[in-house]
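Engineer: Would you mind keeping the following structure in view while I ask a few things?
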Amino acid sequence: MPTFKAIVIEKADSGQTVALKDFDNADLMEGDVDVRVAWSTLNYKDGLAVTGKAPVVRRWPMIGGIDFAGTVEQSSHPDWKAGDKVILNGWGIGETHLGAYGEKARVKGEWLVRLPATMSARDAMAIGTAGYTAMLAVMALEKHGITPDRGPQIVTGAAGGVGSVAVALLARLGYDVTASTGRPEETGYLKRLGAKEIIERKELSAPPRPLAKERWAGGVDSVGSTTLANVLSMLRYRGAVAACGLAGGMDLPASVAPFILRGVSLLGIDSVYRPRSDRESAWKRLESDLDRAKLAEMTTEIGLSDVVEAGRQIVEGRIRGRIVVKIG
Ligand code: NDP
């Protein structure tokens with residue numbers, strides 16, 4: 001029986017087990033496209049899945065990993081043929097459908113997007129779901145009319161994956177970026193990515209007032225909870241913040257005051273079930289608007305056997321920037 005190497009998560013009496021092992025081709029789930037996976041990545045959600053800290057995995061056994069880049073091996077889907085270079089982000093892989101931390105994946109053709117012509121598969125996964133989500137957040141701000149002349153932008157969780165890409169993108173697009181971080185030792189790193197000002201995470205972690213001094217025209221928040229509530233209270237008149245994360249908690253202890261007195265907007269970002277046309281637009285923008293030298297600066301490469309330990313570190317907020325995982 002042909003097999004391939006994969007990080008397999010299995011249910012156990014005490015919770016779950018996770019190990020690098022051989023997986024039978026015959027046990028792949030339904031799909032109309034087979035992909036030889038070359039690269040994957042580690043996102044916060046992958047950390048939650050491999051550590052079992054949150055119920056991300058909803059089918060056992062599961063191959064972890066919520067996104068991959070690779071080459072089509074065979075396809076019965078009209079859009080894809082053998083040899084096509086593809087990316088997949090989300091759609092439940094690594095959660096309800098076998099995921100990316102394996103040399104082979106069988107998926108639905110409608111979940112795939114084409115690898116941009118000038119981008120390597122490794123760069124696409126250095127970007128990964130975190131970077132693609134940061135792009136969706138920036139596009140949401142643009143759609144809302146938050147242009148660079150409106151004023152500075154705040155990025156929370158700035159030294160993390162979504163945060164690092166958001167800082168680099170916004171700076172490249174001409175915005176003044178304030179980066180909020182709990183790791184002041186990463187000031188130099190964040191400035192190299194393009195942040196103009198760095199503030200300490202604790203400035204946004206006190207119990208929020210309904211309205212505080214107006215500071216930012218917009219922002220990208222990957223932290224949620226008290227941090228997002230503080231950002232809302234500090235947005236300028238008609239400002240907007242794109243909310244995509246919960247690294248600080250899932251609650252939102254906010255007041256309606258910023259909405260009804262300053263006309264601010266809270267823009268929700270979901271990357272997992274985003275329609276294909278939005279994904280294609282986001283990847284096109286990433287191809288043109290993300291500085292590849294900055295991407296290289298924020299990226300660390302690991303192998304499949306390092307994923308579980310790196311997963312522990314990401315849920316503890318100890319990973320800087322992005323992790324790319326070499327599969328094939
Ligand atoms: P990372 O762990 O790389 O980044 C999160 C950052 O948040 C950390 O680096 C840290 O930044 C900060 N942080 C961590 N813990 C806390 C805390 N307790 N209080 C305040 N700040 C904290 O994760 P990702 O960038 O991969 O993901 C960020 C968030 O976005 C996650 O919640 C993830 O689930 C979510 N996400 C959502 C998506 C969607 O579709 N909506 C898609 C992708 C991600 P620093 O040290 O600089 O303060």
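The values are calculated or read from the model by the stated rules, or taken from the named source; none is laboratory data. The model shown is predicted, which means the values in this text are computed figures rather than measured ones. No Cβ is skipped: glycine too gets one built from the backbone with ideal geometry, and neighbour counts run over all protein chains shown. Side chains included, ligands, DNA and RNA excluded: accessible areas come from the protein's heavy atoms. Shrake-Rupley method; radii C 1.70, N 1.55, O 1.52, S 1.80 Å.
Engineer: May I ask you to verify whether Gly99 is in the same structural domain as Ala12 (by TED's automatic domain parsing) and on the phi > 0 side of the Ramachandran plot? Walk me through it before giving the result.
Structural biologist: Details: in the same structural domain as Ala12 (by TED's automatic domain parsing): yes; on the phi > 0 side of the Ramachandran plot: no.
For Gly99, the condition - in the same structural domain as Ala12 (by TED's automatic domain parsing) and on the phi > 0 side of the Ramachandran plot - is not met.
Engineer: Looking at region 170-216, which of its residues are in contact (Cβ under 8 Å) with a residue 12 or more places away in the chain and acidic (Asp, Glu)? Before you say what the answer is, go through the steps one by one.
Structural biologist: Step one: list which residues in region 170-216 are in contact (Cβ under 8 Å) with a residue 12 or more places away in the chain, which gives 170-184, 186, 189-190, 192-216.
Within region 170-216, Asp176, Glu186, Glu197, Glu200, Glu203, Glu214 qualify.
Engineer: Filter region 196-208 down to residues that are more than 19 Å from Gly248 (Cβ to Cβ) and surrounded by 15 or more Cβ atoms within 10 Å (Cβ to Cβ), then give me how many there are. Before you say what the answer is, go through the steps one by one.
Structural biologist: Start the filter on region 196-208 by keeping residues that are more than 19 Å from Gly248 (Cβ to Cβ), which leaves 196-197.
Now restrict to residues that are surrounded by 15 or more Cβ atoms within 10 Å (Cβ to Cβ): 196.
Matching residues across region 196-208 total 1.
Engineer: I'd like to verify a number: residues in region 271-318 that are within 15 Å of the ligand (Cβ to nearest atom) and over 20 Å from Ala124 (Cβ atoms), how many?
Structural biologist: The number of residues fulfilling the criteria is 8.
Engineer: Of all residues being more than 14 Å from the chain's Cα centre (by Cα) and open to solvent by 20 Å² or more (accessible area, probe 1.4 Å) in region 319-328, which is nearest to the ligand (Cβ to nearest atom)? Just the residue, please. It would help to see each step written out before you state the result.
Structural biologist: Keep residues of region 319-328 that are more than 14 Å from the chain's Cα centre (by Cα), which gives 325-328.
Keeping just the survivors that are open to solvent by 20 Å² or more (accessible area, probe 1.4 Å) gives 326, 328.
Numbers: Lys326: 19, Gly328: 23 Å.
Taking the candidates together, the pick is Lys326.
Engineer: Being among the aliphatic types (A, V, I, L, M) and touching a strand residue (DSSP E or B) at 6+ places or on another chain (Cβ under 6 Å) is the filter here, so list the residues in region 108-129 that pass it.
Structural biologist: First pass over region 108-129, keeping only residues among the aliphatic types (A, V, I, L, M): 112-113, 115, 117, 119, 121, 124-127.
Result: Leu112, Val113, Leu115, Ala121, Ala124, Met125, Ala126.
Engineer: Then there's this: Only residues that are open to solvent by 40 Å² or more (accessible area, probe 1.4 Å) and closer than 19 Å to Gly248 by Cβ: list them for region 209-226, please. Steps first, answer last, please.
Structural biologist: Initial filter on region 209-226 (open to solvent by 40 Å² or more (accessible area, probe 1.4 Å)): 209-211, 213-215.
The answer is Arg209, Arg215.
Engineer: A follow-up question, please. Taking region 49-60 as the region of interest, how many residues are touching a residue at least 40 places away in the same chain (Cβ under 8 Å) and either assigned to a strand (DSSP E or B) or open to solvent by 50 Å² or more (accessible area, probe 1.4 Å) (or both)?
Structural biologist: 2
Engineer: Does any residue of region 309-325 turn out to be in contact with a Leu (Cβ under 6 Å, 6 or more places away or on another chain), modelled with pLDDT of 95 or more and under 19 Å from Ala229 (Cα atoms)?
Structural biologist: no
Engineer: What number of residues in region 245-299 are within 17 Å of Ser222 (Cβ to Cβ), buried (at least 20 other Cβ atoms within 10 Å of the Cβ) and not aliphatic (A, V, I, L, M)?
Structural biologist: The qualifying residues number 3.
Engineer: Hey, could you check region 25-47 for residues that are in contact with a Gly (Cβ under 7 Å, 6 or more places away or on another chain) and among the polar types (S, T, N, Q) and say which is farthest from the ligand (Cβ to nearest atom)?
Structural biologist: Ser40
Engineer: Among the residues of region 92-142, which ones are buried (at least 18 other Cβ atoms within 10 Å of the Cβ) and of a type in the set (Ser, Thr, Tyr)?
Structural biologist: Those that are buried (at least 18 other Cβ atoms within 10 Å of the Cβ) and of a type in the set (Ser, Thr, Tyr): Tyr101, Thr129, Tyr132, Thr133.
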